[in-house]
Amino acid sequence: MKPLSRTTSRSAPAPLPSPPAVKWSLIALAAIFLAIFLLLPLINVFAQAFARGWSPFWRALSDPDTGSAVRLTLMVAAISVPLNAVFGLTAAWAIAKFDFRGKALLLTLIDLPFAISPVVAGLLFVLLFGANGWMGPWLEAHHLKVIFAPPGMVLATLFVTFPYVARELIPVMHSQGREQEEAALTLGAGGWQTFWRVTLPSVKWGLFYGIILCNARAMGEFGAVWVVSGHIAGETDTLPLRVDKLYNEFDPVAPFAVATLLGLLAVATMLLKAFLDWKGRREL
Amino acid sequence: MTKSPAAAAEIAPPSNPLPGFNLTLGFSVVYLTLVVLVPIAALALKALGLSWNDLWILGTNQRALAAYQFSLTASLAAAFINALFGSLLAWVLVRYEFPGRRFFDGLIDFPFALPTAVAGLTLANLFSAHGWLGRFLVPLGITGAYSRLGVVIALTFVGLPFSVRTLQPVIETLDVAVEEAAACLGAGRARTFARVVGPTLLPAALTGFGLSFARALGEYGSVVFISGNLPGTEIAPTLIVIRLDQYDYTGAIAVALVLMIFSFALLLTLNTLQGWAARIEEP
């Protein structure tokens, strides 16, 4: 299973001349579907957040528990995204530049987290580090708390965002071949120098692309962190969990107000992606 | 003339001179083991330590069976809608030039960028009786929030990009000349599509279907908002969460095992499908 691949650069090929009526009704159908199903939900988040004016919106955002949810969300992403990016780079180097037995198996194993329900992913860590888990007694004896605490949330996020960078980088690095690196080595460059000066620049857009997708998922993950979070306001709530908690309190504005932050994250992700597509196309 | 050993070595394919193979592969395998494989092994070992009888009863009792059934039905429905609209969207975005094409093309990835909790929250609101869509649909008897239909809507939303993004590259590589040849030989548009375009797109369409189905089966975040926890709207991941909340670990593990078996079977099917699709893409 592979995640979405990058939108490739394309100019529409000269198609068979469709009758204009067919062409424009298909375009209209597609545009209406996208506007209602994708655009309207986003606009609705902001409309509901401001439905009663500025003051309830501001009250929800200035709540200290929301502030701490922002900090925890940023912390979880700041730990899990770089780790998975380093893994993505090493896995892509080994898989794209070398031939070895078991490569197909390794690729399948990298995809595993995509196939496993996030809720099950959370459960895996409960069984490993929870009070009744394998490491539970040892952790308790050393007064360490992983489950229902931030470390468990970082681990669950690492698991669900594990394949993102690797999956994005492997095809990019593979398509580069290894002639450039071989030339650099022949000219006397060291291994690290070759990596930093030759390989990294040639895959940088693919790497950034994987990182922003990984980050969007890390900050927005719900199921996996729900299971391992202690649901303590101000301590173990990330932004998506905070949205859920406010929703269950039947507050009409607050969950949408907090959701605008995640909506902005989505918009920023989309804009960055568009920028990377444009940059990548220009360099081709 | 016999070649000297030195000349033979020059002719033989050069060995890979790139450094770092052991380091990168070693790190990758260790990291994969720690982050992914050890946790999965923890579940497997825990399950082995439990009574098979308990697992079987908790994994197949009436509530669990109802949850699997609804999970499968709703995910299939969502994947089917995605295959249908995904094909339409991919076709329109690749083949037609129109104002705003770039914008709509970028918009396709939106469900990947938007946290699923926010998707569930806003969709539930849109389709509720006072929402922008619900105020027209609810009087017609279409309740798209806090209902089974709502779950299908949420699952369709989160899976949409998979089917569009797997079909787009294949439509791009379609050779227009083949369609023209079919047209020259007297095939109508419908027949050209059914006999020439359709079979080429089939592996990608099935892959997209499988990917959005797999995503839907595991999805929890968006569903929890739109299902309203009403009877009949319980999916398998929801049941796991409910059992964990009651500290019923055996019950949660039983459902998780069934879901994992589904996921692994799907992953293998998808790998096979993608191999097939790759062969068609590169004749």
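The values are calculated or read from the model by the stated rules, or taken from the named source; none is laboratory data. Predicted model only: the values in this text are computed from it and were never measured. Methodologically, a virtual Cβ is constructed for each residue, glycine included, from the backbone with ideal geometry; neighbour enumeration extends over all protein chains shown.
Can you tell me which of A:47, A:77 is buried (at least 18 other Cβ atoms within 10 Å of the Cβ) and assigned to a helix (DSSP H, G or I)?
A:77
So which residues in the range A:268-282 are in contact (Cβ under 8 Å) with a residue 60 or more places away in the chain, more than 11 Å from chain B (Cβ to nearest Cβ) and of a type in the set (D, E, K, R)?
If the condition is that a residue be in contact (Cβ under 8 Å) with a residue 60 or more places away in the chain, more than 11 Å from chain B (Cβ to nearest Cβ) and of a type in the set (D, E, K, R), then A:279, A:281 are the ones that fit.
Looking only at the range B:192-217, count every residue that is of a type outside the set (A, V, I, L, M, F, W, C) and under 17 Å from the mean Cα position of the chain (by Cα) and tell me the total.
Total satisfying the criteria: 6.
Taking into account only those residues within the range A:120-143 that are closer than 20 Å to residue B:46 by Cβ and either acidic (Asp, Glu) or part of a loop (DSSP other than H, G, I, E, B) (or both), which is farthest from the chain's Cα centre (by Cα)?
The extreme case among them is A:140.
If you take the residues of the range B:242-255 that are over 15 Å from residue A:132 (Cβ atoms) and surrounded by 18 or more Cβ atoms within 10 Å (Cβ to Cβ), which of them is nearest to the other protein chains (Cβ to nearest Cβ)?
B:255
Residues checked against (1) farther than 22 Å from residue B:264 by Cα; (2) among the hydroxyl-bearing types (Ser, Thr, Tyr):
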site	(1), (2)
A:90	yes, yes
A:96	yes, no
A:99	yes, no
A:103	no, no
A:111	no, no
A:132	yes, no
A:138	yes, no
A:141	yes, no
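Among the residues of the range A:165-188, is any in contact (Cβ under 8 Å) with a residue 40 or more places away in the chain and not in a helix (DSSP H, G or I)?
The answer is yes, given that some residue of the range A:165-188 is in contact (Cβ under 8 Å) with a residue 40 or more places away in the chain and not in a helix (DSSP H, G or I).
Please specify each residue of the range B:208-238 satisfying the condition of being of a type in the set (Ser, Thr, Tyr) and surrounded by 24 or more Cβ atoms within 10 Å (Cβ to Cβ).
Across the range B:208-238, the qualifying residues are B:212, B:220, B:222, B:227.
Report, by residue number, each residue of the range B:218-257 that is part of a loop (DSSP other than H, G, I, E, B) and either under 19 Å from the mean Cα position of the chain (by Cα) or not charged (D, E, K, R) (or both).
Result: B:219, B:220, B:227, B:228, B:229, B:230, B:231, B:232, B:233, B:235, B:246, B:247.
Considering B:105, B:109, which residue is within 15 Å of the chain's Cα centre (by Cα) and either within 7 Å of another protein chain (Cβ to nearest Cβ) or modelled with pLDDT of 90 or more (or both)?
Only one candidate passes the filter, namely B:109.
Note down all Cβ pairs under 8 Å where the first residue falls in the range B:75-96 and is free of Cβ contacts under 8 Å to residues at least 60 places away in the same chain, the second is assigned to a helix (DSSP H, G or I) and crowded, with 19+ Cβ neighbours inside 10 Å, and they're at least six residues apart or on different chains.
Pairs that qualify, where the first residue is free of Cβ contacts under 8 Å to residues at least 60 places away in the same chain and the partner is assigned to a helix (DSSP H, G or I) and crowded, with 19+ Cβ neighbours inside 10 Å, are B:88/A:30; B:92/A:27; B:92/A:30; B:96/A:27.
So that you can scan it fast, the table gives a plain yes or no per residue for (1) among the charged types (D, E, K, R); (2) more than 30 Å from residue A:68 (Cα to Cα); (3) surrounded by 14 or more Cβ atoms within 10 Å (Cβ to Cβ); (4) in contact with a Pro (Cβ under 7 Å, 6 or more places away or on another chain):
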position	(1), (2), (3), (4)
A:94	no, yes, yes, no
A:106	no, yes, yes, no
A:116	no, no, yes, no
A:168	yes, yes, yes, no
A:196	no, yes, no, no
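With the condition being within 9 Å of another protein chain (Cβ to nearest Cβ), in contact with a Pro (Cβ under 6 Å, 6 or more places away or on another chain) and surrounded by fewer than 14 Cβ atoms within 10 Å (Cβ to Cβ), I'd like the helices (runs of 4 or more DSSP H) fully within the range B:21-72 carrying at least 1 qualifying residues.
So the answer is none; nothing clears 1.
Of the residues A:158, A:89, A:128, A:109, which single one is hydrophobic (A, V, I, L, M, F, W, C) and more than 7 Å from chain B (Cβ to nearest Cβ)?
Working: A:158 fails: more than 7 Å from chain B (Cβ to nearest Cβ); A:128 fails: more than 7 Å from chain B (Cβ to nearest Cβ); A:109 fails: more than 7 Å from chain B (Cβ to nearest Cβ).
Result of the check over A:158, A:89, A:128, A:109: A:89.
Has the range B:116-125 got any residue that is without any contact (Cβ under 8 Å) to a residue 24 or more places away in the chain, surrounded by fewer than 24 Cβ atoms within 10 Å (Cβ to Cβ) and assigned to a helix (DSSP H, G or I)?
no
Which of the following residues is in contact (Cβ under 8 Å) with a residue 60 or more places away in the chain and under 23 Å from residue B:109 (Cβ atoms): B:201, B:257, B:239? Before the answer, list the steps.
Numbers: B:257 fails: under 23 Å from residue B:109 (Cβ atoms); B:239 fails: under 23 Å from residue B:109 (Cβ atoms).
Unique residue meeting the criteria: B:201.
Inspect all residues belonging to the range B:160-168 and state whether any of them is within 8 Å of another protein chain (Cβ to nearest Cβ), of a type in the set (A, V, I, L, M, F, W, C), closer than 30 Å to residue A:259 by Cα and over 24 Å from the mean Cα position of the chain (by Cα).
Within the range B:160-168, not a single residue is within 8 Å of another protein chain (Cβ to nearest Cβ), of a type in the set (A, V, I, L, M, F, W, C), closer than 30 Å to residue A:259 by Cα and over 24 Å from the mean Cα position of the chain (by Cα).
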